[in-house]
Amino acid sequence: MPGKLYLVATPIGNLSDISKRCAEVLGAADFIAAEDTRVTLRLLNHLGLKKPLVSYYEHNQQHSGRQILSRLLGGESCALVTDAGTPVISDPGAGIVSECAAAGVEILAIPGPCAAIAGLILSGLPAGRFCFEGFLSMNKKSRREHLASLRGETRTMIFYEAPHKLLSTLKDLQESLGDRRVSISRELTKLHEQTLRLTLSQATEYFTAQPPRGEFVLVVEGAQPEPEQAPDGERALCLAREYMEQGLSAKDAARRAANETGAAKNSVYAALHEEAGEE
């Protein structure tokens, strides 16, 4: 019988955020797959645990994933962790989850810290609907295309960014989306945690004067919804009334309004006659 794959969220800074269940799963698993075994070893030492560790990170996912799956199919259980936060969310994990799902291996999530959600709830921006966009590409063309696709996005948007790219990202966001409200959180749950609620232009000015330090979560205001337009028939009828007030006959007013809105001319003409009958 196959073992189980546990996706274990680990602290994003403060080790006190580790849950009792997380510690229990790490202690019970046959082995732990870690993004960086050195980082995970510090967490295990904090918990007083000793466990076999295997490396599973961006550049060895295919090779290591096959080995992990083989052990799972052999009956062992595995806890997958990343350096901080929730596996799969801008971290390794999607590949092995997909392979395990296809192979019929049971997968269980052990919820816990996630920098994106922490940044969102601190932002003061609408949180009912949001989208996670992760890290923007370093490739200029891909970055421009990504941001262009978000211009009409009305949901609150969440990005991750490294300190050395923060200023260029803030400028690119403003250029593509306009000067929107943004919440910027850094070093979440750590000693120097900070959240700033500014506009993109203010944020650029701030971090130009104070060089960025730490890892950042950017929460950007969504676009304002487009005002709802009246159906073609209603708009056409309104236009036809205006044209009749300007002296056009009902027939000519209906034809002109229909041409401008795409509505059916006969329908507009009939509506005008109906209104005239009511009067």
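The values are calculated or read from the model by the stated rules, or taken from the named source; none is laboratory data. What you are looking at is a predicted structure, and each value in this text was computed from that prediction instead of being measured. Don't worry about glycine lacking a Cβ; one is built from the backbone with ideal geometry, like all the others, and counts go over all protein chains shown. Please note that ligands, DNA and RNA were not included when accessible areas were found on the heavy atoms of the full protein model with its side chains. Shrake-Rupley method; radii C 1.70, N 1.55, O 1.52, S 1.80 Å.
The table below gives the values:
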| quantity | calculated |
| --- | --- |
| For the chain: Kirkwood Rh in Å [reciprocal of mean 1/r, alpha carbons] | 22.8 Å |
| Spatially proximal lysines relative to LYS265 (Cα-Cα < 16 Å; intrachain offsets below 8 disregarded) | LYS251 |
| Nearby lysines by direct alpha-carbon distance to LYS50 (threshold 22 angstrom, same-chain neighbours under 8 apart not counted) | LYS4, LYS20 |
| Gain on full stretching of the segment that runs from HIS192 to GLN246 - 0.36 nm per residue minus C-alpha separation | 12.6 nm |
| Nonlocal amide H pairs with TYR56, under 5 Å, H built at 1.01 Å | ALA34, GLU35 |
| Among SER123, GLY93, SER55 the positive-end extreme of the charge dipole of the range 4-126 (Cβ point charges) | SER55 |
| Sum of side-chain charges, PRO126 neighbourhood, beta-carbon under 11 Å (Lys, Arg +1; Asp, Glu -1) | +2 |
| Cβ-placed point charges (K, R +1; D, E -1), dipole of the chain about Cα centre in debye, nearest 20 | 1160 debye |
| MET157, MET138, reordered so the largest accessible area comes first (probe 1.4 Å) | MET138, MET157 |
| Net charge over other residues, Cβ less than 13 angstrom from the Cβ of GLN194 (K, R count +1; D, E count -1) | +1 |
| Rounded tilt (10° steps) of 232-245 against the dominant C-alpha axis of the chain | 30 degrees |
| Residue-normalised accessible area of the range 89-136, expressed per residue, 1.4 Å probe, Å² | 47 Å² |
| Sum of side-chain charges, PRO111 neighbourhood, beta-carbon under 13 Å (Lys, Arg +1; Asp, Glu -1) | +1 |
| Sequence-separation-based contact order of the range 100-208, relative, with Cα cut under 8 Å and 6+ spacing, percent | 25 percent |
| Computed helical MRE - 222 nm, the chain, DSSP H runs ≥ 4 contributing -39500 (n - 2.57), nearest 500 | -13500 deg cm²/dmol |
| Carbon plus sulfur fraction of accessible area for the chain, probe 1.4 Å, in percent | 51 percent |
| Exposure of HIS59 as accessible area (Å², to 10), given a probe of 1.4 Å and all protein chains | 150 Å² |
| Volume per residue that the Cα convex hull of the range 166-279 spans, once the total is divided by residue count, Å³ | 166 Å³ |
| Solvent accessible area, Å² - GLU193, 1.4 Å probe, full protein context | 90 Å² |
| Antiparallel bridges, percent of DSSP beta bridges restricted to the chain (to nearest 5) | 45 percent |
| Folded to 0 to 90 degrees: helix 37-47 orientation relative to the chain principal axis, Cα | 70 degrees |
| All-pairs alpha carbon distance profile, the range 87-134, 10 Å steps from 0, percent | 20, 41, 28, 11, 0 |
| Hits among aspartates and glutamates - C-alpha to C-alpha of LYS165 under 18 Å, sequence gap 8 or more where chains match | GLU133, GLU145, GLU175, GLU187, GLU205, GLU215 |
| Loop-resident sites, the range 135-207, for trypsin sites (Lys or Arg not before Pro), counting at most 13 other Cβ within 10 Å (DSSP) | ARG151 |
| Mean Cα-pair separation over length for the chain, i.e. relative contact order, pairs under 8 Å, 6 or more apart, % | 17 percent |
| Surface/4 estimate of mean projected area, convex hull on alpha-carbon atoms of the range 1-78, nm² | 5.1 nm² |
| Relative contact order (%) - criterion: Cα under 8 Å, at least six apart; region: the range 121-279 | 21 percent |
| Nearest-ten-degree value, helix 61-73 long axis tilted from longest Cα axis of the chain | 70 degrees |
| Centroid-to-centroid separation of the range 141-164 and the range 44-68 [C-alpha atoms, Å] | 31 Å |
